[in-house]
Amino acid sequence: MVLRKFADRLMSAGTSAANALIHGPEQAEKIRQLEAMGFPAERARHAFNATDGDVDRAAELLLLGADEGPAPAGANRNATAPREGTHVAAHNDEQMRRAVEESLSQNQREEARQLRQAEAASWQDVVDLTGASPVRKKPARKAPAKKQPPTAAAINAGKAAAARQHNNDAPKTLDHTHPNVRLPQKMANKSKEERIMRCANRLKPHVMAVDTLLRVLTSVKDSPENPKFRTIDRNNANYVKFVRDKPGAEDLLLAMNYWRIPGNDELKLERHMVDAGLLYLGISALEQMRLSPEYLEGKRQRAFHAEMRRVARQNGELMQRTGMTEGETAIRLAFLTKCPKEPPEGRGARVEVHLGQDEAEGIEGGKVSRRFDGDDTLEDVLNWLGGCYGTEVLDKIRGASREWCLCDLNRYPILPLDVEKHSRKTLQFLGLFPSGKLGVRLSDDAWRDRMEGALGGGFDVHGSARGLGAASRSMLH
């Protein structure tokens, strides 16, 4: 009997809770009013739903015993109330069942929690039977829940984030920006033999640097006891001009065990650091470079510039100060009489002629200039050049040997002009108007051995015309 009363109370509490969850506090209170009149809870709830929450009409239905009967006349919208009430009742039953189950499960969880707390509190103070003071122990910790393994997407996202963080923090190096580029090994990390051969190979176009270093190493090899040959002043004029700034020159000396003295701008080779094997290797490498085509071409260019400096000293203006023979004066006057009159300032084209390469422009007397009209010919320029330097330059430019050539320095690549073929062409046709820059250069074998009118020597004759009315490169070359 006691158990039944307890079950009825529990059911009533569950019904009240379900009504509160489904209908809200106000509707639940109205349903309890119907139950207080003595009607069963289920019938009260059905009547309440059938009358759309009207307590008075629900009470009338319950008193008449027709809680699912038709509604009073005059209310069209209540005509379908019994049918709708049936569906609502079924739905309400389901909701009430779920509410009761949820309430019971929640009560069970609360009781289990309280039981665990009481058990943990009982184990906090444990009395030692030996009479010692109570020992406080920590309650046992629950085992951590097993973590789910991360998904592949989460792993990839983590890797990407770590890579971005590493790239932002790490300094940018060539391995990061260009991973496929492989730099050559540093010269300091190579062997002595490889360093000597590499440096000697870089020096072969520089004639004076090769000759100077060969002379220094030979002197050290012949007289290793003499400190004069083992000490090099880096501020020496000849060393600065011919050796110091040439690629590979000082690296070669450092490979031969020379070292820079701190605080003194010198290179010194200690006596105990003299290595006969390294000296032999360095001398052999430099002697081998003297047989290379680059060294031989540099030797020819050096001899040519020596000739240019000699010719520059025969400039008419310089020779007037030092004196000129009557025969030389007559020859130069004959050339100048064939030249047209120079246009006044502001008219015509200024034509410059340079002897040798661009670096030789500093030679005294190696540059001359004059104004010409656009209809003046290349022959007029040659006659003026003969009046400045005599017959030697003209003979080597247009003679049978063609040892030298006249080049248009305003075009690239620089090509020689055939002065015999174009001597009657105007300066405007040749592209030397309104400005012209010519240079006397050393002819190569292809230009000297070329037949008249043939294209050879590997010259590139492509390119547009220079100036209005000028001929193209293919027409001139």
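Looking at segment 228-244, which of the residues that are touching a Leu at 6+ places or on another chain (Cβ under 8 Å) and among the charged types (D, E, K, R) is farthest from LEU203 (Cα to Cα)?
My answer is ARG230.
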**OP:** May I ask you to list pairs of residues, at least six apart or on different chains, whose Cβ atoms are under 6 Å apart, with the first in segment 26-38 being more than 16 Å from ASP52 (Cβ to Cβ) and the second being open to solvent by 60 Å² or more (accessible area, probe 1.4 Å) and in a helix (DSSP H, G or I)?
**Re:** none
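Within segment 179-197, how many residues turn out to be under 27 Å from the mean Cα position of the chain (by Cα), loosely packed, with under 14 Cβ neighbours inside 10 Å and not basic (Lys, Arg)?
Total satisfying the criteria: 8.
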**OP:** Looking only at segment 212-232, count how many residues are buried (at least 16 other Cβ atoms within 10 Å of the Cβ) and within 45 Å of the chain's Cα centre (by Cα).
**Re:** 6
**OP:** Please go through segment 426-451 and pick out each residue that is under 24 Å from ALA312 (Cα atoms) and within 44 Å of the chain's Cα centre (by Cα).
**Re:** LEU432, SER435, GLY436, LYS437, LEU438, GLY439, VAL440, ARG441, LEU442, SER443, ASP444
**OP:** Determine which member of the set GLY298, GLY282, GLY248, GLY263 is among the small types (Gly, Ala, Ser), at pLDDT below 95 and open to solvent by 80 Å² or more (accessible area, probe 1.4 Å).
**Re:** GLY263
Original post:
Got at least one residue in segment 57-72 being closer than 26 Å to GLU101 by Cα, at pLDDT below 70 and open to solvent by less than 80 Å² (accessible area, probe 1.4 Å)?
Top reply: no
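Mind checking which residues of segment 25-46 are touching a Phe, Trp or Tyr at 6+ places or on another chain (Cβ under 9 Å) and open to solvent by less than 70 Å² (accessible area, probe 1.4 Å)?
GLN27, ILE31, LEU34, listed by residue number.
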Original post:
Given segment 336-415, what strands (runs of 3 or more DSSP E) lie entirely inside it while holding 3 or more residues that are open to solvent by less than 20 Å² (accessible area, probe 1.4 Å) and in contact (Cβ under 8 Å) with a residue 24 or more places away in the chain?
Top reply: 349-355, 404-408
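The values are calculated or read from the model by the stated rules, or taken from the named source; none is laboratory data. Keep in mind it's a predicted model, so treat the numbers as computed, not measured. Cβ coordinates were reconstructed from backbone atoms using ideal geometry, including for glycine residues, and neighbour counts include every protein chain displayed. Each accessible area value is taken on the protein alone, full model and side chains, heavy atoms only, with ligands, DNA and RNA left out. Shrake-Rupley method; radii C 1.70, N 1.55, O 1.52, S 1.80 Å.
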